[in-house]
Amino acid sequence: MISQPLNDLLQLLDLERLDDNMFRGESRDLGGKSVYGGQVIGQALVAASRTVEGSIPHSLHAYFLRPGDMEKAVIYEVDRVRDGRTFSARRVQAIQHGQPILSMIASFQKPEPGLEHQVRMPDVAPPEKLRDAHELRRGWLESHPETTERHRQALLRDVAIEFRPVKPWNPLEPEKREPQQAIWLKTAGKLPDDPMLHLCMIAYASDFNLLSTALLPHGVSWFSKDMVVASIDHALWFHRPARADEWLLYVMDAPTSQGARGFSRGLIFDRNGRLCVSVTQESLMRKTS
């Protein structure tokens, strides 16, 4: 059974084709101040994939240029940069109000065999033994009745992705920790057997929690009154096929922060321990006082 938030996300990722290289996608409010970055990345990857045949994405690199307007649709313009025998490249501009809010380039490859190796998946508690993030958030809010309505709605909003953190971290009571965390995730329901859809779903989910990893050693969160936070850029490498509707382990760390920027890395493994996706992100982490 597909949850309503997941059904809503599936509709968001089913872009309207306006022309051969132009698409339109709707936006949703997830409780932030602007469009969730993972939405724009996921939709941009959908747009790029609809101009490619017989290939799958192996990497994408995106820059967030302006905050997205949650009340407006997003136009995606695709530039067919190159089509080679094995690799194809696409540049995508996400546009609102006549200006780009995201610029992304993605590379696609026809499947082929090759040498293989990977790092080992960390040994952590399985998702069945962990509490759901939504349940945890309800408990945190009960201990903080003074929480603003906007923050309350952001924490309690139903989303299309289920999260089960290995070591939960309360953003209402941020404490200093090592800049590392691991979270199990999957879609809140079964998805169609479309490999491209699963990759776009993983791209969507990959923007959750990376920024908070870089905040951990500083004892602040995105709710802290003296913090301005936002994603600056985001990169993904797709190594192996994965199903977004089966549990995936997202292992993250943030080796450095400086100049009001934090740098985060992530590895996404399936239940069999296969490394499926790698992620990096740099985020704005600006103290206002």
Evaluate the following for residue 68: is it loosely packed, with under 15 Cβ neighbours inside 10 Å and either in contact with a His (Cβ under 8 Å, 6 or more places away or on another chain) or at pLDDT below 95 (or both)? no
Filter the stretch 30-51 for residues that are over 9 Å from the mean Cα position of the chain (by Cα) and modelled with pLDDT under 95; the one that is nearest to residue 89 (Cα to Cα) is 35
Selection within the stretch 176-211 - under 11 Å from residue 45 (Cβ atoms) and aliphatic (A, V, I, L, M): 196, 197, 199, 201, 202, 203
For residue 106, state whether it is in contact (Cβ under 8 Å) with a residue 60 or more places away in the chain and hydrophobic (A, V, I, L, M, F, W, C). yes
What number of residues within the stretch 145-166 satisfy the criterion of being over 21 Å from residue 204 (Cβ atoms) and surrounded by 15 or more Cβ atoms within 10 Å (Cβ to Cβ)? 4
Set 45, 60: member being in contact (Cβ under 8 Å) with a residue 60 or more places away in the chain, buried (at least 17 other Cβ atoms within 10 Å of the Cβ) and out of contact with any Ser or Thr (no Cβ under 8 Å at 6 or more places or on another chain): 45
Just name the residue that is nearest to residue 171 (Cα to Cα) out of those in the stretch 96-109 that are of a type outside the set (S, T, N, Q) and out of contact with any Phe, Trp or Tyr (no Cβ under 8 Å at 6 or more places or on another chain). 100
Give the residues of the stretch 209-266 that are within 25 Å of residue 118 (Cβ to Cβ) and polar (S, T, N, Q), sorted by residue number. 209, 213, 256, 264
For the stretch 115-139, how many residues meet the condition of being over 21 Å from residue 186 (Cβ atoms) and crowded, with 16+ Cβ neighbours inside 10 Å? 0
Does residue 144 meet the test of being part of a loop (DSSP other than H, G, I, E, B) and either without any contact (Cβ under 8 Å) to a residue 24 or more places away in the chain or over 16 Å from residue 186 (Cβ atoms) (or both)? yes
Which of the residues that make up the stretch 80-99 are out of contact with any helix residue (DSSP H, G or I) (no Cβ under 6 Å at 6 or more places or on another chain), surrounded by 14 or more Cβ atoms within 10 Å (Cβ to Cβ) and either at pLDDT below 95 or under 19 Å from residue 16 (Cα atoms) (or both)? 80, 91, 93, 95, 96
Being part of a strand (DSSP E or B), in contact with a Leu (Cβ under 6 Å, 6 or more places away or on another chain) and modelled with pLDDT of 95 or more: is that true of residue 183 here? no
Positions within the stretch 11-29 being under 15 Å from the mean Cα position of the chain (by Cα) and modelled with pLDDT of 95 or more, in sequence order: 13
I'd like the full set of residues that are surrounded by 22 or more Cβ atoms within 10 Å (Cβ to Cβ) and assigned to a loop (DSSP other than H, G, I, E, B), limited to the stretch 189-236. 206, 207
How about the stretch 237-262: which of its residues are outside any loop (DSSP other than H, G, I, E, B), in contact (Cβ under 8 Å) with a residue 60 or more places away in the chain and within 17 Å of the chain's Cα centre (by Cα)? 237, 238, 248, 249, 250, 251, 252, 253, 254
Scan the stretch 167-185 residue by residue and report those that are crowded, with 18+ Cβ neighbours inside 10 Å and more than 20 Å from residue 4 (Cα to Cα). 169, 174, 179, 181, 182, 183, 184
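The values are calculated or read from the model by the stated rules, or taken from the named source; none is laboratory data. Values in this document were obtained by computation on a predicted structure and should not be read as measured data. With ideal geometry, Cβ positions are generated from the backbone for all residues, glycine too; neighbour counts draw on all protein chains shown.
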